[in-house]
Amino acid sequence: MAIIEFPKDMKWGAATASYQIEGAAFEGGRGPSIWDTFSHTPGKVLNGDNGDVACDSYHRYEEDIKLMKELGIDVYRFSVSWSRIFPTGTGEVNKEGLQYYHNVVDALVENGIEPMCTLYHWDLPQALQDKGGWNNRETVEAFANYSEYMFKEFSGKIKSWITINEPWCASFLSNFMGIHAPGNQDPQLATTISHHLLLAHGKAVTRFRALGVEGEIGYAPNLEWLEPFSSKQEDIDACDRGMGFFIEWFFDPVFKGSYPEFMVNWFEKKGVMLTIEDGDMETISQPIDFVGINYYTGSVGRYKKDEDLFDLEKVDIGYEKTDLNWNIYPEGFFKVLLKIKDQYGSIPIYITENGACYNDEVENGSVKDQRRIEYIKQHLTSLKRSMDSGVNIKGYLTWSLLDNFEWAEGYDKRFGLIHVNFNTLERTKKDSYYWYKQMIGNGWFDKE
Ligand code: JJW
């Protein structure tokens, strides 16, 4: 026996996001978002998939919450589709959209599940994109107004809030690499957007504090660990910068009130300028209650001469991979958590996403996803090591409750504890669902 045991007050959960599960894209008065536009643009999403129907959780949320209840989770992390609340991003509220989230939140609370609400999980109202999207500071103000509306509306019901999910993805992946909506490829644009996303976070926190809302608020950056291929300084520097894009760039402004100099210098060298207005850094560095960490993978990286923003190439040294071809690297989870503690102190942390893509299918009524169980075991083992080293972990939420629309990968890549048949929308509990249920019930698992 090799028992990994967690504190009794550790919170366990599962996560999803609006565009990935809801469907009903044209129902209930919802306005279009940049993900509707992007997914309906040929060539952007694998197999031409889109979120029109997704898991149909807009209609099936009661069934999903029943599955959560049986799973025994303490917390459910979901996101709100901004354009269900404000179809054009600002202006008149759409009561029908609001009612949907009241129904979800009420059902969660009735079932003893704490709602953790993400305000921005990438589905920006298209009407705001038409006016420049996150490149326009008016979007930042619109986000603060939308957030404030939600804080007031759900005051006393939702006590855990996340402003922005994975700002690296919403800026660099979406506006420099062009892989996610809106699909731009412009380093200056991406960098400006990264600042505006941080500002949007800070403004929402400011409104939250001003209202004196009961509860906690944070944001959820995604991180990767990069291990230098060799001891050559250029490889070490390339990895530091590679991680700098995920960690220092999105943590220093929040926790130190300034951008990291080594990254600012790097951007300058690339001809990318950062325009910071008076008061921005104060707004961004408002104290927060927790940070959400999304961790999936780590890689070995090597310097590669490149005129572009990134000068790092990943080297395959033979790590085992998930079905999305991401390395399984639990050691990096431990290291990244310690790095955060060393650099920013013992801030309370929720792991807001961690999980694995495996495309196991239903056979005779069951889904034998033993590899997902192994992945979670390995990462929980790293998590426990980090806690034993003083990292202040409050909870762990796995991505995802259900198989869903995995962005540019469409329905081809499955992350759920619950299998979804995307033709019939039937849900089937996987073996990992039963394993997670047992682990939550016990508060420990046997690593062997
Ligand atoms: C793509 C890297 C070059 C989501 C990517 C990097 C470059 C071919 C999972 N997290 O669905 C995707 N996810 O909504 C939020 N996190 O390209 C939740 N990061 O490739 C999950 C990162 C990601 C990515 C996907």
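For this structure, a couple of remarks:
- The range 370-405, subset of a type in the set (D, E, K, R) and within 16 Å of the ligand (Cβ to nearest atom), residue farthest from Tyr344 (Cα to Cα): Asp403
- Elements of the type helices (runs of 4 or more DSSP H) sitting completely within the range 202-291 and holding at least 1 residues that are closer than 26 Å to Asn392 by Cα: these cover 233-246, 248-255, 280-284.
- Of all residues in the range 429-448, those satisfying the criterion of being open to solvent by 20 Å² or more (accessible area, probe 1.4 Å) and either among the polar types (S, T, N, Q) or outside any helix (DSSP H, G or I) (or both) are Lys429, Gln438, Asn442, Trp444, Asp446, Lys447, Glu448.
- Ala25 within 14 Å of the ligand (Cβ to nearest atom), under 24 Å from Ala107 (Cβ atoms) and modelled with pLDDT of 95 or more: no
- Counted residues, the range 180-195 - those being open to solvent by 10 Å² or more (accessible area, probe 1.4 Å) and either assigned to a helix (DSSP H, G or I) or of a type in the set (Gly, Ala, Ser) (or both): 5
- Test: residue in the range 316-324 that is of a type in the set (Lys, Arg) and either at pLDDT below 95 or touching a Phe, Trp or Tyr at 6+ places or on another chain (Cβ under 9 Å) (or both): no
- Annotation: of all residues in the range 157-179 being of a type outside the set (Asp, Glu) and touching a residue at least 60 places away in the same chain (Cβ under 8 Å), the one that is farthest from Thr192 (Cα to Cα) is Ser160.
- Test: residue in the range 377-387 that is more than 29 Å from Asp240 (Cβ to Cβ), crowded, with 17+ Cβ neighbours inside 10 Å, out of contact with any Cys (no Cβ under 7 Å at 6 or more places or on another chain) and at pLDDT 95 or above: yes
- Just one of (1) within 14 Å of the ligand (Cβ to nearest atom); (2) open to solvent by 20 Å² or more (accessible area, probe 1.4 Å); (3) under 21 Å from Thr16 (Cβ atoms) fails for Cys169. It is (2).
- Thr381, sole failed condition from (1) out of contact with any strand residue (DSSP E or B) (no Cβ under 8 Å at 6 or more places or on another chain); (2) of a type in the set (S, T, N, Q); (3) closer than 15 Å to Met10 by Cβ: (1)
- Residue that is nearest to the ligand (Cβ to nearest atom), among those in the range 340-356 that are part of a loop (DSSP other than H, G, I, E, B) and of a type in the set (A, V, I, L, M): Ala356
- Those residues of the range 1-24 which are more than 30 Å from Asp446 (Cβ to Cβ) and either touching a residue at least 40 places away in the same chain (Cβ under 8 Å) or surrounded by 24 or more Cβ atoms within 10 Å (Cβ to Cβ) (or both), in sequence order: Ala17, Ser18, Tyr19, Gln20, Ile21, Glu22
- Some residue of the range 217-230 being within 15 Å of the ligand (Cβ to nearest atom), charged (D, E, K, R) and on the phi < 0 side of the Ramachandran plot: yes
- Scanning the range 69-113 for residues that are buried (at least 20 other Cβ atoms within 10 Å of the Cβ) and over 21 Å from Gly28 (Cβ atoms) yields a total of 5.
- Meets criteria (at pLDDT 95 or above, assigned to a loop (DSSP other than H, G, I, E, B) and more than 13 Å from the ligand (Cβ to nearest atom)) for Glu307: no
- All strands (runs of 3 or more DSSP E) inside the range 1-82 with 2 or more residues being within 22 Å of the chain's Cα centre (by Cα): 11-15, 75-79
- Test: residue in the range 222-233 that is farther than 22 Å from Gly292 by Cβ, in contact with a helix residue (DSSP H, G or I) (Cβ under 6 Å, 6 or more places away or on another chain) and open to solvent by 40 Å² or more (accessible area, probe 1.4 Å): yes
- Considering the range 241-281, the residues that are open to solvent by less than 70 Å² (accessible area, probe 1.4 Å) and of a type in the set (Asp, Glu) include one that is farthest from Ile351 (Cα to Cα), namely Asp280.
- Options Lys131, Lys157, Lys152: the member that is within 19 Å of Leu211 (Cβ to Cβ) and part of a loop (DSSP other than H, G, I, E, B): Lys157
The values are calculated or read from the model by the stated rules, or taken from the named source; none is laboratory data. Keep in mind that what you see is a predicted model, and the values were worked out from it rather than measured. Every residue, glycine as well, gets a Cβ built from its backbone with ideal geometry; the counts of neighbours run over all protein chains shown. Note: accessible area is taken over every heavy atom of the protein model, side chains too, but ligands, DNA and RNA are not part of it. Shrake-Rupley method; radii C 1.70, N 1.55, O 1.52, S 1.80 Å.
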